[in-house]
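The structure under discussion appears below in the form of structure tokens.
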Amino acid sequence: MRVLSGIQPTGNLHLGNYLGAIRNWVRMQDEVGAQGGDCLYFLADLHAISMPHVPAELTANTRAMAAAVVACGIDTDRSILFNQARVPAHAELQWLLNGTARIGWLNRMTQFKDKSGKNREGASAALYTYPVLQAADVLIYQTTHVPVGEDQKQHLELARDIAQKFNNDFASEDAPVFTLPEPIIPPGAARIMSLRDGSAKMSKSDPSDMSRINLTDDADTMMQKVKKARTDPEALPSEPAGLEGRAEARNLVGIYATLADMTVADVLRDFGGQGFGSFKPALGELLVDRLAPINARYVALKDDAAALDAILEKGAQKARTLAKPTLDATYDALGLCR
Ligand code: TYM
């Protein structure tokens, strides 16, 4: 097994990233490590330049995200942690895959439509070809499993399509150049929603900080955000079917269940019939209990730029070695003389 996943260093790590992806990164590190497989996790700084950005902030955010990921439990002796910019093979493979990716495939990507909004003509070319870089990230390491939230599923399907077409066009059936990766999406936390709007996903790009719980929020802030979260006036139902049509209630109950490692049915057995006046404080306490240790580790790590750079460089050295055979095979398969 070879596991790989990435996160953009554009702002704080939030509860959606943590429950949707990073918690699975840590779990897979333990499981896959025990079986002798590799886990590679990276900060997608090359993806971050697809949107307007301030260079000094990108540098600071890359280090801060490295600290956050380590604080969540990624052990850099067992997992390979790096930032994309230190491993040029990602950008190089992207160019080689641009010959295989079809414009029609990129036109279907919903993230491009969401992020470019009404000003599609003014969006960067990088935002448009972003999914090809993501395919390169995954394919360069012969990745078998990719732990992500549901919003990344379409990008992973594209990576599979690119791999399949490249293998068909340029490799023999018994010696494919690329492995087809499988997404690993947590069933209970595939999509954590905004605290202000149960129909929008929790996101770093939401202008309201009240819409998300950041892993860097202190206990009082977390509690305040949960207490102010949008809800309806009804009491909680006793069974999951009663959450139908109640997006905000369903989101808060889902967060509780995921954090407590319980089913939604179990949470409703405990809280059914109670109003949000008693459920919200219980959820806030659970959040603080689970996230405070991460927050404390993050605070201890975040200001040591030299140590964080050393961690990323150590990981990048290993990643560069693992990337080389696939990059070489891709050049060869395409008939490029070097
Ligand atoms: P990014 O930085 O937007 O998010 C990082 C991870 O967090 C998950 N996630 C969520 N899960 C559940 N609910 C939410 N509200 C929520 N918000 C975010 C995302 O699904 C993701 O797993 N393009 C990617 C980064 C990337 C990547 C890759 C991932 C680049 N190359 C290769 C996997 C493999 C992104 O922008 O994720």
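Restrict the check to segment 116-132 and report whether at least one residue is within 10 Å of the ligand (Cβ to nearest atom) and either over 19 Å from Ala44 (Cα atoms) or without any contact (Cβ under 8 Å) to a residue 40 or more places away in the chain (or both). Walk me through how you get there before you give the answer.
Of segment 116-132, the ones within 10 Å of the ligand (Cβ to nearest atom) are 130-131.
Still in the running and either over 19 Å from Ala44 (Cα atoms) or without any contact (Cβ under 8 Å) to a residue 40 or more places away in the chain (or both): 131.
Checking segment 116-132: at least one residue is within 10 Å of the ligand (Cβ to nearest atom) and either over 19 Å from Ala44 (Cα atoms) or without any contact (Cβ under 8 Å) to a residue 40 or more places away in the chain (or both).
Taking Arg120 as the residue in question, decide whether it is assigned by TED's automatic domain parsing to the domain that holds Ala310, of a type outside the set (Asp, Glu), loosely packed, with under 15 Cβ neighbours inside 10 Å and modelled with pLDDT of 95 or more.
Details: assigned by TED's automatic domain parsing to the domain that holds Ala310: yes; of a type outside the set (Asp, Glu): yes; loosely packed, with under 15 Cβ neighbours inside 10 Å: yes; modelled with pLDDT of 95 or more: no.
No; evaluated as a whole, the condition is false for this residue.
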Margin query: Looking only at segment 70-101, count every residue that is touching a Lys or Arg at 6+ places or on another chain (Cβ under 8 Å) and over 18 Å from Leu312 (Cα atoms) and tell me the total.
Written below: 1
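Can you pull out every residue in segment 162-180 that is more than 14 Å from Asp328 (Cα to Cα), touching a residue at least 12 places away in the same chain (Cβ under 8 Å) and open to solvent by 60 Å² or more (accessible area, probe 1.4 Å)?
So the first thing to find is which residues in segment 162-180 are more than 14 Å from Asp328 (Cα to Cα), and the list is 162-169, 172-175, 179-180.
Narrowing further to those that are touching a residue at least 12 places away in the same chain (Cβ under 8 Å): 162-166, 169, 179-180.
Scanning segment 162-180 gives Gln164, Asp169.
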Margin query: Given the criteria under 17 Å from the mean Cα position of the chain (by Cα), farther than 19 Å from His47 by Cα and either of a type outside the set (Asp, Glu) or more than 8 Å from the ligand (Cβ to nearest atom) (or both), does Arg212 qualify?
Written below: yes
Next item on the list: Check Ala200 against each of (1) in the same structural domain as Asp30 (by TED's automatic domain parsing); (2) within 10 Å of the ligand (Cβ to nearest atom); (3) under 30 Å from Ile255 (Cα atoms); (4) of a type in the set (A, V, I, L, M, F, W, C) and name the one condition it does not meet.
Entry: (1)
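Tell me, which residue of segment 222-232 that is outside any loop (DSSP other than H, G, I, E, B) and open to solvent by 50 Å² or more (accessible area, probe 1.4 Å) is nearest to the ligand (Cβ to nearest atom)? Before you say what the answer is, go through the steps one by one.
Kept after step one, since they are outside any loop (DSSP other than H, G, I, E, B), are these residues of segment 222-232: 222-228.
With open to solvent by 50 Å² or more (accessible area, probe 1.4 Å) added as a condition, the list becomes 224, 227-228.
Numbers: Gln224: 20, Lys227: 20, Lys228: 18 Å.
Per the stated criteria, the residue is Lys228.
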Next item on the list: Report whether or not Lys153 is within 14 Å of the ligand (Cβ to nearest atom) and assigned by TED's automatic domain parsing to the domain that holds Gly37.
Entry: yes
Note to self: When the residues of segment 22-43 are narrowed to those that are among the polar types (S, T, N, Q) and more than 9 Å from the ligand (Cβ to nearest atom), which ends up modelled with the highest pLDDT?
What the structure shows: Gln29
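Name the one entry in Val87, Val146 that is under 17 Å from the mean Cα position of the chain (by Cα), crowded, with 16+ Cβ neighbours inside 10 Å and at pLDDT 95 or above.
Val146
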Item checked: Residues being surrounded by fewer than 14 Cβ atoms within 10 Å (Cβ to Cβ) and in a helix (DSSP H, G or I) - total across segment 32-58 -> 3
Note to self: On the basis of being touching a Phe, Trp or Tyr at 6+ places or on another chain (Cβ under 9 Å) and not aromatic (Phe, Trp, Tyr), does Leu97 make the cut?
What the structure shows: yes
Check: When segment 1-16 is examined, which residues are found to be in a loop (DSSP other than H, G, I, E, B) and near the ligand (Cβ under 6 Å from one of its atoms)?
Finding: Gln8
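Here's the yes/no breakdown for (1) within 19 Å of the chain's Cα centre (by Cα); (2) in contact (Cβ under 8 Å) with a residue 40 or more places away in the chain:
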site: Pro55; (1), (2): no, no
site: Asn61; (1), (2): yes, yes
site: Ala67; (1), (2): yes, yes
site: Ala71; (1), (2): yes, yes
site: Asp75; (1), (2): yes, yes
site: Ala101; (1), (2): no, yes
site: Asp114; (1), (2): yes, no
Next item on the list: Quick one: which helices (runs of 4 or more DSSP H) lie wholly within segment 107-213 and hold at least 2 residues that are aromatic (Phe, Trp, Tyr)?
Entry: 125-139, 153-170
Next item on the list: Select, from Leu19, Leu46, Leu58, the only residue that is more than 9 Å from the ligand (Cβ to nearest atom) and modelled with pLDDT of 95 or more.
Entry: Leu58
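The values are calculated or read from the model by the stated rules, or taken from the named source; none is laboratory data. Note that this is a predicted model, so its numbers are computed, not measured. We place every Cβ from the backbone using ideal geometry, glycine too, and count neighbours over all the protein chains shown. These area figures cover heavy atoms from the full protein model, side chains too; ligands, DNA and RNA do not enter into them. Shrake-Rupley method; radii C 1.70, N 1.55, O 1.52, S 1.80 Å.
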